[in-house]
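The values are calculated or read from the model by the stated rules, or taken from the named source; none is laboratory data. Keep in mind it's a predicted model, so treat the numbers as computed, not measured. When we count neighbours, we look across all protein chains shown, and the Cβ atoms used for this are built from the backbone with ideal geometry, even at glycine.
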Amino acid sequence: MRVRVETLTQPAQATRPSEAPRMIPLWALSLFAGALWVAGASFSSQDVNDYHCYALAFWRGARATASLVDGSCLTPVSLFSSQPFHTVPLEYGPLALLTFLPPLLVPAAWYNTAFFIEMALVGMAIAWLLDGFGPRWAGHVWLIYGLIGSWILVAGRFDAAPAACVVVALIAARRGRLTWAWVALALGVLMKLYPLALLPLFLIVSWRARGRQPLWHGPAVFVAVIGAVEALVALIAPASLLTPFIYMSARCVQVESVAATFASLWARVAGAEPAFPYAYNSTCEVTAAIGTTQMIALGLGVVGIALALALFWRGRISLGLAALLTLAALLVGSKVLSPQYLIWISPLIALEFGADIAALVGWSLVGGLTTACFPYAYNGSLTDAFGLDPLTLIEWTAGARNLLALALSAVAYGRQLLPRAPRPPIEVEAGATP
């Protein structure tokens, strides 16, 4: 007997042929990527110096940072508590400390190297997860993206840790492990705020699974994990509860953001010259139109998130694609688009598209332009080749990257919004899982 079953998206295969043949190239590429990440991270270690400051201030109090070289701390030491266990990051979530603290186990002079190795291992763990639970070669593709677009940042920032939490959350949700999905999402939010944008998508997933698990269960787990950690923060550093939101809202429009790209284009048409002050540890852009372009970029981001949510609600796209489009729209509307933010997106592209050639070429170009911007435009490496000053090159490389990413996003949305031909039903044997 055969029954007809309609499916909108196909889950990962429950059974696969032997993984051994592709695990060898995966780990060979992982070791190569990890070595380059660790080596590259040493070229840009100021943020890691600041992580070291936070770790010392948390573990031993603010006075412990006096042992570091002057200027190591980007965050003013005066904002740290003098008491141990009373300092949490001001611009990040409190659980970012989970990545800052382990390198304290080695001598202080080796802190940065230990941190680089720690984050390289996280990047390799993401590859293993993607290769084990995503499309074929997804882990390899992520490593390629990491090498092209983030080779000095995967190990030089802690963004791989919340990115890993998001990957775990998506894989767990797809496999029906909703409790673990909500826990992973909460841990990601407690490291960096951006996974919070995925909350509506996971609410939809819980709504669809309400026959197997009460609707309130997953959100309650999420709230419990966040509440427990933030309650502890309220006890040890109550003034730090809202500082990540305050810091984020107070930041200027960064030169690499989509809003800055729009403002630069407008300034060139109007014959004006943008100004580039430095604030909040980043290069900002100031033009007469910057407020307007920020509102335009924010509007595009809101529309993009709403469309992704609507498409997922109607079952036209998978959870992975919905998460990818949501985070891409979040970056479009953000005042800041630092190069390490590609680490948020790249694993999701690998998870959703695997080795699809169009996605591979398109996102590799985005990554290549990002690397051209940082570090090469920033450190002046491209100045002699193009005869332009670093700030102009930053504008051009970041602007080209942003316009290409917008075009790729428009194509992705367009493919989902266009009318589809009816799909034939899939026949499966009675009793089988479709």
Q | Among (1) touching a residue at least 24 places away in the same chain (Cβ under 8 Å); (2) outside any helix (DSSP H, G or I), the one test that Val69 misses | A | (1)
Q. Tally time: how many residues in segment 332-355 are in a loop (DSSP other than H, G, I, E, B) and without any contact (Cβ under 8 Å) to a residue 24 or more places away in the chain?
A. 0
Q. Going through segment 250-282 one residue at a time, which ones are assigned to a strand (DSSP E or B) and within 18 Å of Pro339 (Cα to Cα)?
A. Gln254, Tyr278, Ala279, Ser282
Q: State the number of residues belonging to segment 376-386 that are assigned to a helix (DSSP H, G or I), surrounded by fewer than 19 Cβ atoms within 10 Å (Cβ to Cβ) and either of a type in the set (Gly, Ala, Ser) or out of contact with any Asp or Glu (no Cβ under 7 Å at 6 or more places or on another chain) (or both).
A: 4
(Q) I need a count of the residues in segment 146-168 that are part of a helix (DSSP H, G or I) and either surrounded by 24 or more Cβ atoms within 10 Å (Cβ to Cβ) or of a type in the set (A, V, I, L, M) (or both). (A) 12
Q) Using beta carbons and a limit of 7 Å, which pairs, at least six apart or on different chains, have the first residue in segment 98-119 and over 20 Å from Met191 (Cβ atoms) and the second one modelled with pLDDT under 95 and exposed (fewer than 14 other Cβ atoms within 10 Å of the Cβ)? A) Ala108/Ser67
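Only one residue in Gly218, Gly176, Gly188 is touching a residue at least 12 places away in the same chain (Cβ under 8 Å), under 17 Å from Leu319 (Cβ atoms) and either surrounded by fewer than 15 Cβ atoms within 10 Å (Cβ to Cβ) or among the β-branched types (Val, Ile, Thr) (or both), so which one is that? Talk me through it step by step, then tell me what you get.
On the way: Gly218 fails: either surrounded by fewer than 15 Cβ atoms within 10 Å (Cβ to Cβ) or among the β-branched types (Val, Ile, Thr) (or both); Gly188 fails: either surrounded by fewer than 15 Cβ atoms within 10 Å (Cβ to Cβ) or among the β-branched types (Val, Ile, Thr) (or both).
Criteria check complete, one pass: Gly176.
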Q) Scanning segment 125-137 for residues that are crowded, with 24+ Cβ neighbours inside 10 Å and in a helix (DSSP H, G or I), which turns out modelled with the lowest pLDDT? A) Asp131
Q) Can you name the number of the only condition in (1) surrounded by fewer than 24 Cβ atoms within 10 Å (Cβ to Cβ); (2) more than 21 Å from Ala186 (Cα to Cα) that Val141 fails? A) (1)
Q | Given (1) over 24 Å from Gly123 (Cβ atoms); (2) modelled with pLDDT under 95, index of the condition Pro375 fails | A | (1)
Q: Give the residue that is surrounded by the most Cβ atoms within 10 Å (Cβ to Cβ), with candidates limited to residues of segment 98-119 that are in contact with a Ser or Thr (Cβ under 9 Å, 6 or more places away or on another chain) and in a helix (DSSP H, G or I).
A: Phe115
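Looking at Leu365, Leu319, can you tell me which residue is at pLDDT 95 or above and either touching a Ser or Thr at 6+ places or on another chain (Cβ under 9 Å) or closer than 26 Å to Arg174 by Cα (or both)?
Details: Leu365 fails: either touching a Ser or Thr at 6+ places or on another chain (Cβ under 9 Å) or closer than 26 Å to Arg174 by Cα (or both).
Only one candidate qualifies: Leu319.
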